[in-house]
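Trainee: After the structure tokens below, expect a handful of questions from me.
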Amino acid sequence: MGFQAYVGQGWVLSKLEQLINWGRSRSPWPLPYGTACCGIEMMAALASGYDMARFGAERPSFSPRQADVLIEAGTITKKMVPVLRRIYDQMAEPKWVIAMGACACSGGVFRTYSTLQGIDQVIPVDVYVPGCPPRPEGLIYALLQLMEKIKQDHPLYPQLAELKKGV
Amino acid sequence: MARPVVEKKYSFTERIYLYEIVKGLGLTWKHFVKNFTASLKRGPHTVPTCWQYPEDRREISPIFRGEHLLLLDEQGREKCVGCGMCARACPAKCITVKRGKVAEGEESRYAGKTYCEEFQIDLLRCIFCGFCEEACPKGAIALGKGYELARYTPGECQLTKEKMLANYRREKELGILKPPRKPVPVAGAAKEAAAKAKGADEGKAKD
Amino acid sequence: MNDWVIALIKVVFIWTWTLIIATIMTWVERRGSAMIQDRLGPNRAGPFGLFQPLADGIKLFTKEDIIPEKAHKILFNLGPILFALPAFSAYAVVPFGDKIVIGGKEILLQVADVNVGFLYIVAVGSMAVYGIVVGGWGSNNKYSILGGLRSTAQLISYEVPWGIVLLTTVMVYGTFSLREISLAQQGTFLGFLPNWGIFKQPLGFILFIVTAYAEANRVPFDLPEAESEIVAGYHTEYGSMRLGLYLFGEYVNMYTLAALMVTLFFGAWHLPYVDMSKFLSPFAYGIASFLVFFAKVAFFLWLFVWVRWTVPRFRYDQVMGLGWKALIPLALANLFITALVVQLTV
Amino acid sequence: MDFQERVKACVGDDLVSMTEFRGDVSVTVPRTRIVQVLTRLKEAEGLKFDFLSDLFGVDNSALGKGKKKGKKEDEEAPAAPKPPRYEVVYLLLSIEYNHRLMVKVQVEEGQMEVPTVTSIWKAANWPEREVFDMFGIRFKGHPNMKRLLMWDGFPAHPLRKDYPLEGEGEERRLVYGDA
Amino acid sequence: MSRQLDAQAGHGTGDFVTINIGPSHPAMHGTLRVVALTDGETIVEADPEIGYLHRGVEKLAENLTYHQFIPITDRLNYCSAITNNVAYEMAVEKLMGIEIPDKAKVIRSIMMELARISDHIVCVGILGVDLGAFTPFFYLFIQREELYEIFEWYNGARLTNTFGRIGGVEADLPEDFEERWRRLVPNLRKAIDETDKLLTHNRIWMDRTIGVTAFSAEDALNWGFTGPCLRACGVKRDLRKDEPYYLYDQLSFEVPVGKHGDVFDRYMVRMIEMEESIKLVDQLLKIYKEFGPDDPLMAKVPKVLKGPEGEVYAAIESPNGELGFYVKGDGSDKPYRVKIRPPCYMVYQAFPELVKGEMVADLIACLSSLNIIAGELDR
């Protein structure tokens, strides 16, 4: 069926979709992949000063099966690339990636032989957070941006989601 | 390699687990009650130690190093002359500056004879160390207070000249511009002045 | 309305009630732990974050269901069911109130007044071990196997003191049926004390609460899913709704154990000195007894959360050492003393 | 300075050269005699260098280039005997007397082999592996002579001066099942 | 490395299990990997693998000028960035023979002691979390937020505060520094006291930490231990006392020393050191008051720093131990070779010795008590 068939979302299905998106955006369990200085700032965001648990991200799960958002905080060296790739592949499907900090987004100040220049060469990234390290508010702002992105997701219409991703 | 063997000595209250555990429970109960009553109050900042970010923003320092600004002088003219000193001073080499000659008609818009046609900072590389601000001879660039920089694609994270000027205007209205930097008193200054006053030519600072 | 319809209603009521309690418990755990730690806890999903468990449920429900390729399919699926089922079914014999009269019909506020209530609970309680071991072994992951190993050793070695303490309470009340035990805790004891189990069995209560924490895998005995040592213990490989079942099973297990503690030691639905049935109408009395019972259970559920965020975790051999070298001798001593006392007084 | 005399006496005839810069005394010792010299320095009762603070390599191939520009400097360089390219530096510290000493060993491009000092200090285990990883200098008698910081399949020795900063595009293979 | 362990397990008696406590593990500080050969729960042999955060900082140093390398030193031991900055600047100043003014020395000492407190906060907090006690981490981390505020009001960054310049300090202490510090001290002492009450006399904590991975003094010295891990083994060695730099010879503070070098002693040494640092900052603030507002903060330093030919090694007492910078100049404006002597590098070497025969839970406890910071470890 062509794309037109999906233009009008049935009232019922779109409501269910919004419910699913609401559920997913309200409890993003993070996989805190903290390798360097941004890991300490992510701890500050999870700790009581800024409390990312207010957004439902209270249960950091280190097992990739139970995590939704891979918060990649810190430098990824070329030695770490297979580990990162394997963990990303093990995560269950509706998964998102926040690249926190200059080193994760683009290799930052370390343009050296052993640093991966940006994790988007290895895994798809949903939200880039500049800063070295970004303030905890910056990370929570990124989480809010991610929630907006989840809200526009189409879990029940895979083709629509592909089209939207393409645009 | 003999490992020292350690024998444990407990006082009676430590030997039975419950006394210490109950004391710990008492302590956490105090925290719980304090926070529970605090959280019932209205208003964003209820629990004193927790800043609920989107509603209740924490006060940040006047000299916080955040998103960059391109400064205008009093007559609203761009200070930047496109010399590229900041690009050279940047440890992460994330600034690209393209210098252009000021055309006749636009003296009112630019302070110097040359200006920066194109000024781009790759925020994904920048480590916000503030060296560009220190290295700029004209004081044309400064680090502002923006910290909400998360974007969906790397392209949106490139800071262009327009964005920096827009940042500057926004922060100027909000009145949160950074106070001008106080010059740092240098040790040799007093002796330096004395030496110059005496007109001693073999003064040690030949720079 | 004949009997089996009433029984059906009671079962449905209990089933939904435990589910509601389990969801509220996730919320209480998150907000409670946040309050203890000087922070706020979820407050985005609904007022005070009340819909947070709902959001977690929806997210877990719609997550991709991963079965690891080298995992043992049947055992992997069986694990959570074997863990959650005993937790739910253990509640069949625990009374949650006295009697209630609706439309002239007197209904017992207990699903099944089995006169061997205890044996049923002990039997079903030890079924939970299979859920963890089967899940741990089935997911073919070193951390899970370690988690499964630890949980078998811990649960089995803590069933012994648990059983002995239950035995002593049976000796005190002389009956296995939980209903009679609850009824027996009416009135006062030695003049001024309420006739509750805790005053007859203080040491028994302490032992019971310690072993209950081990049964429910709660800190300081949460070795099977020690967060920092073996990543997530037995449910490392579990993803969406199976993980939900495990988490639910844990909370329902806690609820059952809390209800048991209240029934045995804290005078199930009796207020200390006042006898509610005298001045309340039978219908109101039924409701009141249910509320009093639930208030006590709520305190013990809060105690689970409270202790979890205060106390560090044991090491594996210390758990075993404490179980065998400390709890079992104490339980046996308690048994002999009670036997002596019961023999002399009767 | 009696400290320098005592060091000179202790090192004895193995002394190749001794320099002092900003208060840090550094002694150069022939490559094959390093273990004996260090044990002597450790036991000498006046010095008691019983603590190995650090051990690392330096690549001296580009030492002269930075300073003087211009043609003249190039002809004069080959005339002087080319100094040995690598240098392994041992930083010693005495816990009782609180003084420090730098013991240096020159390593030629040809034989990149230095006897290990893990027999004296167990603390030398990883630094020696790192010097091998970064410069390619092997340590004879080392229990576990393998790369430390880079992954095993890394082809080059990064801290050499001729190796570019951005590296030569080595990627770690992305295959599952690889330990 | 892990293949050789697998082989052993395969052909060995067959009942050993190789557990790969991999880089992404809750207690592995992000980038450490330990392949443990375990017999049931006890560890037969542990083989740590590092290098997962090796960013080539030393090679990068050879391509940046002296001044540009300062922000990179923040990223070494990122729990206490200021100590790395000061150590690097001290080494470069020693190389160039620059003497910094006294007021700059006082400000540097104050900031280093604050960084020491914040580093110990992270270490003790994470040690608690790894042993199951989550709450002390949160109580302590609130105080670290207050310390972040002090750093931020001083130079504009919370964590990676590029502190100081070669030749002195870039700014004077803000006016409200004294008032912020007076407000912080009671809360800090209360948080430390609460952690002490929650953990130190708790028998579960004592069982988990006393006698676990104990280490003798001469082994510690042989393995190159420095800092709290060495003091826990009973050696009274502190660079601030033995090789005093800046004003530490005028200040009075004791050096806490443990007896058995086990996890409990390392924990206690860090707790007492936090208390000592608070006293030190108070004394330093008294000295700071004697300086006038326009006393010099920077020495006379040429615009472009050219390092003379020669090599220099300067070390200070960082929260983890002796942090030393070896800087070799070759006359140009870029250092020829910079070697960083990270304190936790030598401590992590002895990890297989420390952990042999202990249980898996002790491996985790020992690792977080050593306070291994990967940025400093792998450079």
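The values are calculated or read from the model by the stated rules, or taken from the named source; none is laboratory data. Predicted model only: the values in this text are computed from it and were never measured. FYI the Cβ positions are ideal-geometry reconstructions off the backbone, even for glycines, and counts take in every protein chain you see.
Trainee: Which condition number in (1) modelled with pLDDT of 90 or more; (2) surrounded by fewer than 17 Cβ atoms within 10 Å (Cβ to Cβ); (3) out of contact with any Lys or Arg (no Cβ under 9 Å at 6 or more places or on another chain) is the one that B:V97 fails?
Mentor: (2)
Trainee: Look at E:L230 and say whether it is buried (at least 24 other Cβ atoms within 10 Å of the Cβ) and touching a residue at least 12 places away in the same chain (Cβ under 8 Å).
Mentor: Answer is yes for this residue.
Trainee: Is region E:280-287 home to any residue that is over 25 Å from the mean Cα position of the chain (by Cα), buried (at least 16 other Cβ atoms within 10 Å of the Cβ), over 16 Å from B:P185 (Cα atoms) and away from chain B (no Cβ under 14 Å)?
Mentor: yes
Trainee: Let me ask something else. Specify the residue that is farthest from the chain's Cα centre (by Cα); the eligible residues are those in region E:159-182 that are touching a residue at least 24 places away in the same chain (Cβ under 8 Å) and more than 30 Å from B:P91 (Cβ to Cβ).
Mentor: Residue satisfying both the conditions and the ranking: E:E178.
Trainee: C:G191 versus (1) farther than 30 Å from C:G147 by Cα; (2) touching a residue at least 24 places away in the same chain (Cβ under 8 Å); (3) in a loop (DSSP other than H, G, I, E, B): which is the lone unmet condition?
Mentor: So C:G191 meets the others, but not (2).
Trainee: Just to check your reading of the model, which residue among C:L109, C:L149 is surrounded by fewer than 23 Cβ atoms within 10 Å (Cβ to Cβ) and modelled with pLDDT of 85 or more?
Mentor: The conditions single out C:L149.
Trainee: Can you tell me how many residues within region E:239-267 are surrounded by fewer than 18 Cβ atoms within 10 Å (Cβ to Cβ) and under 17 Å from the mean Cα position of the chain (by Cα)?
Mentor: 1
Trainee: A follow-up question, please. Which condition does C:V231 not pass, out of (1) under 30 Å from C:P68 (Cβ atoms); (2) at pLDDT 85 or above, if it passes all the others?
Mentor: Result: C:V231 fails condition (2) only.
Trainee: Residue check, C:E64 against (1) in a loop (DSSP other than H, G, I, E, B); (2) within 26 Å of A:G23 (Cβ to Cβ); (3) in contact with a helix residue (DSSP H, G or I) (Cβ under 7 Å, 6 or more places away or on another chain), all met but one. Which one?
Mentor: Every listed condition holds for C:E64 apart from (3).
Here is a yes/no grid of residues against (1) touching a His at 6+ places or on another chain (Cβ under 6 Å); (2) at pLDDT 90 or above; (3) closer than 17 Å to E:Y345 by Cβ:
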position: D:E109; (1), (2), (3): no, no, no
position: D:M112; (1), (2), (3): no, no, no
position: D:P115; (1), (2), (3): no, yes, no
position: D:I120; (1), (2), (3): no, yes, no
position: D:N125; (1), (2), (3): no, yes, yes
position: D:E130; (1), (2), (3): no, yes, yes
position: D:I137; (1), (2), (3): no, yes, no
position: D:N144; (1), (2), (3): no, no, yes
position: D:F154; (1), (2), (3): no, no, no
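Trainee: Please verify whether C:G97 is touching a helix residue (DSSP H, G or I) at 6+ places or on another chain (Cβ under 7 Å), modelled with pLDDT of 85 or more and more than 30 Å from E:K190 (Cα to Cα), treating the condition exactly as stated.
Mentor: Here the answer is no, as C:G97 does not meet what is asked.
Trainee: Another question about this same structure. Quick check on B:T28: is it more than 20 Å from the chain's Cα centre (by Cα), part of a loop (DSSP other than H, G, I, E, B) and of a type in the set (S, T, N, Q)?
Mentor: Criteria not met by B:T28.
Trainee: If a residue must be in a loop (DSSP other than H, G, I, E, B) and under 22 Å from E:G167 (Cβ atoms), how many such residues does region E:43-62 contain?
Mentor: Qualifying residue count for the region: 1.
Trainee: Still on this structure, please answer the following. State the number of residues belonging to region E:334-361 that are over 18 Å from D:T118 (Cα atoms), modelled with pLDDT of 90 or more, part of a helix (DSSP H, G or I) and over 17 Å from the mean Cα position of the chain (by Cα).
Mentor: So the answer is 1.
Trainee: Does any residue of region D:145-156 turn out to be within 11 Å of chain A (Cβ to nearest Cβ), crowded, with 18+ Cβ neighbours inside 10 Å and either within 23 Å of D:T28 (Cβ to Cβ) or touching a Leu at 6+ places or on another chain (Cβ under 7 Å) (or both)?
Mentor: No: zero hits.
Trainee: Now a separate question. Residue pairs, Cβ under 8 Å, 6 or more apart or interchain, first in region B:11-22 and in a helix (DSSP H, G or I), second at pLDDT below 85. List them.
Mentor: Partner pairs satisfying both residue conditions: B:Y19/B:T13; B:E20/B:T13; B:E20/B:E14.
Trainee: Considering each residue of region E:196-222, count those that are more than 8 Å from chain B (Cβ to nearest Cβ), buried (at least 23 other Cβ atoms within 10 Å of the Cβ) and under 19 Å from E:I272 (Cα atoms), and give that number.
Mentor: The number of residues fulfilling the criteria is 3.
Trainee: If you don't mind, there's one more thing I want to ask. What single numbered condition from (1) more than 25 Å from C:A84 (Cα to Cα); (2) part of a helix (DSSP H, G or I); (3) modelled with pLDDT under 85; (4) not charged (D, E, K, R) fails to hold for C:P224?
Mentor: (1)
So that you can scan it fast, the table gives a plain yes or no per residue for (1) touching a residue at least 24 places away in the same chain (Cβ under 8 Å); (2) surrounded by fewer than 23 Cβ atoms within 10 Å (Cβ to Cβ):
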{"site": "E:G292", "(1), (2)": "no, yes"}
{"site": "E:E309", "(1), (2)": "no, yes"}
{"site": "E:S318", "(1), (2)": "yes, no"}
{"site": "E:V338", "(1), (2)": "yes, no"}
{"site": "E:M346", "(1), (2)": "yes, no"}
{"site": "E:E353", "(1), (2)": "yes, yes"}
{"site": "E:L377", "(1), (2)": "yes, no"}
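Trainee: Still on this structure, I have one more. Given the conditions (1) within 21 Å of E:R240 (Cα to Cα); (2) more than 10 Å from every other protein chain (Cβ to nearest Cβ), and given that E:A314 satisfies all but one, which numbered condition is not satisfied?
Mentor: Among (1) within 21 Å of E:R240 (Cα to Cα); (2) more than 10 Å from every other protein chain (Cβ to nearest Cβ), E:A314 violates only (2).
Trainee: If you don't mind, there's one more thing I want to ask. Give A:G131, A:G101 a once-over and let me know the one that is under 13 Å from B:R151 (Cα atoms), crowded, with 24+ Cβ neighbours inside 10 Å, touching a Ser or Thr at 6+ places or on another chain (Cβ under 9 Å) and at pLDDT 90 or above.
Mentor: Among A:G131, A:G101, only A:G101 is under 13 Å from B:R151 (Cα atoms), crowded, with 24+ Cβ neighbours inside 10 Å, touching a Ser or Thr at 6+ places or on another chain (Cβ under 9 Å) and at pLDDT 90 or above.
Trainee: Can you name the residue in region A:34-83 that is more than 17 Å from A:W96 (Cα to Cα) and among the basic types (K, R) and, of all such residues, is surrounded by the fewest Cβ atoms within 10 Å (Cβ to Cβ)?
Mentor: Out of the qualifying residues, it is A:K78.
A quick yes/no check of all residues on (1) of a type outside the set (G, A, S); (2) buried (at least 19 other Cβ atoms within 10 Å of the Cβ); (3) more than 14 Å from chain A (Cβ to nearest Cβ); (4) not in a loop (DSSP other than H, G, I, E, B):
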{"position": "C:V11", "(1), (2), (3), (4)": "yes, no, yes, yes"}
{"position": "C:A22", "(1), (2), (3), (4)": "no, yes, yes, yes"}
{"position": "C:E29", "(1), (2), (3), (4)": "yes, yes, no, yes"}
{"position": "C:A34", "(1), (2), (3), (4)": "no, yes, no, yes"}
{"position": "C:R39", "(1), (2), (3), (4)": "yes, yes, no, no"}
{"position": "C:G79", "(1), (2), (3), (4)": "no, yes, no, yes"}
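Trainee: Where residues in region E:104-121 are touching a Pro at 6+ places or on another chain (Cβ under 9 Å) and under 30 Å from C:F314 (Cβ atoms), which of them is nearest to the other protein chains (Cβ to nearest Cβ)?
Mentor: If we take residues in region E:104-121 being touching a Pro at 6+ places or on another chain (Cβ under 9 Å) and under 30 Å from C:F314 (Cβ atoms), then E:D119 is nearest to the other protein chains (Cβ to nearest Cβ).
Trainee: Quickly run through region C:3-16 and pick out the residues that are within 20 Å of C:T256 (Cα to Cα) and either touching a residue at least 24 places away in the same chain (Cβ under 8 Å) or of a type in the set (G, A, S) (or both).
Mentor: Scanning region C:3-16 gives C:A7, C:K10, C:V11, C:I14, C:W15.
Trainee: Select, from E:A91, E:A87, E:A36, the only residue that is assigned to a strand (DSSP E or B) and of a type in the set (A, V, I, L, M, F, W, C).
Mentor: E:A36 is the lone residue from the list that is assigned to a strand (DSSP E or B) and of a type in the set (A, V, I, L, M, F, W, C).
Per-residue answers, yes or no, for (1) under 13 Å from the mean Cα position of the chain (by Cα); (2) farther than 19 Å from E:A191 by Cβ; (3) not in a helix (DSSP H, G or I):
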position	(1), (2), (3)
E:I72	no, yes, no
E:N77	yes, yes, yes
E:R116	yes, no, no
E:I121	yes, no, no
E:V129	no, no, no
